Amino acid sequence: MTSSSSALRPRILLLWRLHILLLSATLIATLVGTVRIPIASFEIILLPLVFAFIAGLLLNPNVTRITRNLLDEREVRAAASSLGIAVMPLMAFLSSYIGPSISEIADAGAALVLQELGNLGTMLFAMPLAVVVFKMGREALGATFSIAREGGLAFIFSAYGGDSPEAKGVLGVYICGTFFGTAFFAIMPGVIASLDWFDLRALAMGCGTGSASMTAACSAALADLYPASADEIAAFAASSNLITAVTGVLVTVFITLPVAELYYRVLSRQGGGQ
Amino acid sequence: MTQPTTAPPLLEIFHTLLLVAALILAAHAAEGGHQLFALLPGIALLLACTMAGYIIARLLPTRLPEIFWVSVVATLAGFPGVPFADLYLAQLSKLSLAAVITPVMAFAALGLGSGDIALFRRLGARIILVSLLVFFGTYLGSVAVANAVLAALPSQG
């Protein structure tokens, strides 16, 4: 007899309709290639991964009707649960370049560790928008205290409970991150890099603050601008991501969350106006 | 769904990785300019690092995420002085980052379930705007701090 868990999980290699749609999205995106849209003094670079996302959305039966006879919810769920596995080879690829750049990374060691404090920037702009403009309640705190990847999600669930408004907020940003975050991280770094304010190493380290796919998208965007430094960019982004995985919880508990609580109180007193 | 579920069995992870490997190969084929057979060792090595990371995560009694171990294994495989690190990196250098990441986004977009759409409707466009500012602020905050520390440190390079 099959156990209940394997009965719930379709066997991924048998879902050939899903394979065809994944393949179509991948091929369409790669054939479209990289598109550059110049705007004033900088350009927006759209990498193939952005088109893979758009093609995937158009082929998703929950978004458009094109494939409603091809794909059911079971296969969509299989794609979603495979996402966490599909990012792993990507992470392995990026991390492989840490070794060859280790002396540069050691040079920048203090910056790599301290940039975790840059997470305070997460709430800087987002919380005023959520609290003052959108009048969100405690959801705003969950939504803006961190970049809401798995660690942040687990943290809010354990600190405030899964039914809390904070949990709704963090879950909302988590889902947006899964589905739009990577595309955003593929576009934004190029724009910020073209300001020419920041060291390339700093731009690469900032790539490591999110999920594996955000890290990779951001590295690919910078590598497109600075092809000669592609390996170094991957190395800095991957080490930053690795350090975030280790120090992230400490920074959250002792710094980010207390500051977020304080910031929330100040903002809701000013903007709430009750 | 988006909630973390129970860990899938290793065999299923391997099956998923085979599918991912086929898509990575297809992306390279569409990109053009690659000798596809020459890419196979590099892709196989990425799968091997991933599987090793998953296995270590299950064997060790720590609660560090699997991706941490995958990253550690791959870092060690390419580390100077580790046996065959040069060979490993030479195989990997044949792969293109764009072709490795593109299939991942196909999974993300096709995995958007009806429940996710419903949650979006409930939270509305507000949560999307807030999320974009969250990503923007996190990136800019980290870059600014890293940049300031780099500028303050005496460079040895």
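Bear in mind that the values in this text are calculations on the coordinates, not laboratory data. As the structure is a computational prediction, the values presented were derived from the model and not from experiment. Ideal geometry is used to build each Cβ from the backbone, glycine not excepted, and the neighbour counts take in all protein chains shown.
Things to note:
- Residues A:Leu70 and A:Leu250, FRET efficiency given R0 of 41 Å [Cβ-Cβ distance, rounded to 0.05]: 0.30
- Distance distribution note for region B:118-157: the fraction of Cα pairs above 15 angstrom is 59%.
- Spin-label zone in region A:11-27 - amide nitrogen under 18 Å from a point set 7 Å from the Cα of B:Phe14 along the C-beta vector: A:11-14
- Spread of Cα-to-Cα distances over 20 Å intervals beginning at zero, given as percent, for the protein assembly as shown: 27, 61, 12, 0
- Computed helical MRE - 222 nm, the protein assembly as shown, DSSP H runs ≥ 4 contributing -39500 (n - 2.57), nearest 500: -22000 deg cm²/dmol
- Cα lying deepest toward the dipole's positive end in region B:30-157, options B:Gly111, B:Ala48, B:Ala144, charges on Cβ: B:Gly111
- Summary value for region A:141-238: 24 percent relative contact order, contacts being C-alpha pairs under 8 angstrom separated by 6+ residues.
- The label-point distance for A:Thr34 and B:Ser114, in a model that sets each label 7 Å from Cα toward Cβ, rounds to 4.1 nm.
- Of the DSSP H helices in chain B, those whose Cα atoms cover at least 20 Å axially and whose Kyte score averages -0.5 or more: B:10-31, B:36-59, B:97-110, B:114-152
- Compactness of chain B, expressed as Rg and Dmax over alpha-carbon positions, Å: 19.7, 54
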